[in-house]
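Okay, so here's the structure we're looking at.
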Amino acid sequence: MVKRVQIGTSRLENLDEQALATFLDKSWMHLGEPHFGAGGIKGKRLELRKKLLRLYDSSLSDLAGIIKRRLARSSKKSIVFSEEELYEKTNFSEFYFEKGGRLPFGDDTVDFIFSEHFFEHLFLDEAVDLFRECHRILKPNGLIRTCVPDADLRTYEPPESVGYPNKRMPYSHPDKHKNRWSVYSLCEALEHAGFDGLPLRYCDRDGQYIKSDPRENKTYYRNCPEMNLAFSTTYIQRIDSLIVDGIKR
């Protein structure tokens, strides 16, 4: 029975061991990119073309960051499954959200929602609309954990370049970053959708990088149906991000 949802899932074959240990069971529904198995060799060629287009004309700092993150993720991989085995161990559905769309779940049916580096690919009105959908499907005291780039305020690496991943990429392209989140705008968007927000990792307007351990905020998570997931961050691939939780009260 599905009770956990990941929105904007990266292909499972790209995840590290700790993330796979969390996500590879049938309690999850992963909504995200199609995997190679659906397209065979043609699909792999299209994926390679997509990566080349994404990197084309990127700034040197952005390109260095992309390479650094991918090398770090590759170094942590140790579990070897075929693509077919990965997708058989959990639930996966291709996903593309448009404003006014609905998530394929009933009201008050989901315990936990996780999203990592997806909401920056939506315009603000689309993001708020999707947050409202997440609020609809979560049970009372259910949790959404959202990770996005801390585009402008981050001090642990250079700010994200304008038009990321490159200026020539049109805003209609799915890889284009359409929103430059900060802790202030993300908390506001979540609260506008009905959530009680709690930032976990962020840079503030003074440049301080704030890191909060969710286990130190047990009162906030009281009655959350997924305490283990709430108190863990091991499944997050890019921990140096803007991370904000939202509880449905």
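The values are calculated or read from the model by the stated rules, or taken from the named source; none is laboratory data. None of the values given here were measured: they were computed from a predicted structure. So basically every Cβ, Gly included, is an ideal-geometry build from the backbone, and we count neighbours across all protein chains shown.
Details
- Qualifying residue in segment 138-150 (condition: acidic (Asp, Glu) and within 18 Å of Leu103 (Cβ to Cβ)): no
- Number of positions in segment 134-172 that are assigned to a helix (DSSP H, G or I) and in contact with a strand residue (DSSP E or B) (Cβ under 9 Å, 6 or more places away or on another chain): 3
- Inter-residue pairs, beta-carbon under 6 Å, first at positive phi and of a type outside the set (Lys, Arg) and in segment 3-28, second crowded, with 18+ Cβ neighbours inside 10 Å and at pLDDT 95 or above, 6+ apart: Gly8/Ser115; Gly8/Phe118
- If you go through segment 230-249 and keep only what is of a type outside the set (Gly, Ala, Ser), farther than 20 Å from Asp152 by Cα, surrounded by fewer than 21 Cβ atoms within 10 Å (Cβ to Cβ) and under 20 Å from the mean Cα position of the chain (by Cα), you end up with Phe231, Thr233, Thr234, Tyr235, Ile236, Gln237.
- The lone exception for Phe119 - which of (1) in contact (Cβ under 8 Å) with a residue 24 or more places away in the chain; (2) farther than 23 Å from Arg249 by Cα it fails: (2)
- Within segment 163-217, considering residues that are of a type in the set (S, T, N, Q) and under 17 Å from Leu130 (Cβ atoms), the one farthest from the chain's Cα centre (by Cα): Ser185
Each row is one residue, and each column tells you yes or no for (1) among the β-branched types (Val, Ile, Thr); (2) modelled with pLDDT of 95 or more; (3) surrounded by fewer than 23 Cβ atoms within 10 Å (Cβ to Cβ).
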{"position": "Asp107", "(1), (2), (3)": "no, yes, yes"}
{"position": "Val110", "(1), (2), (3)": "yes, yes, no"}
{"position": "His117", "(1), (2), (3)": "no, yes, yes"}
{"position": "Glu120", "(1), (2), (3)": "no, yes, yes"}
{"position": "Phe123", "(1), (2), (3)": "no, yes, yes"}
{"position": "Leu143", "(1), (2), (3)": "no, yes, no"}
{"position": "Asp150", "(1), (2), (3)": "no, yes, no"}
{"position": "Leu153", "(1), (2), (3)": "no, yes, yes"}
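- Taking the criterion of being in a loop (DSSP other than H, G, I, E, B) and under 26 Å from Ile137 (Cβ atoms), the residues of segment 193-205 that qualify are Ala193, Gly194, Phe195.
- Leading residue by the ranking (farthest from Thr22 (Cα to Cα)) among those in segment 206-249 that are assigned to a loop (DSSP other than H, G, I, E, B) and acidic (Asp, Glu): Asp206
- Test: residue in segment 156-165 that is modelled with pLDDT under 95 and exposed (fewer than 13 other Cβ atoms within 10 Å of the Cβ): yes
- Applying the condition of being in contact (Cβ under 8 Å) with a residue 60 or more places away in the chain and out of contact with any His (no Cβ under 9 Å at 6 or more places or on another chain) to segment 187-210 and asking which residue is surrounded by the most Cβ atoms within 10 Å (Cβ to Cβ) yields Ala189.
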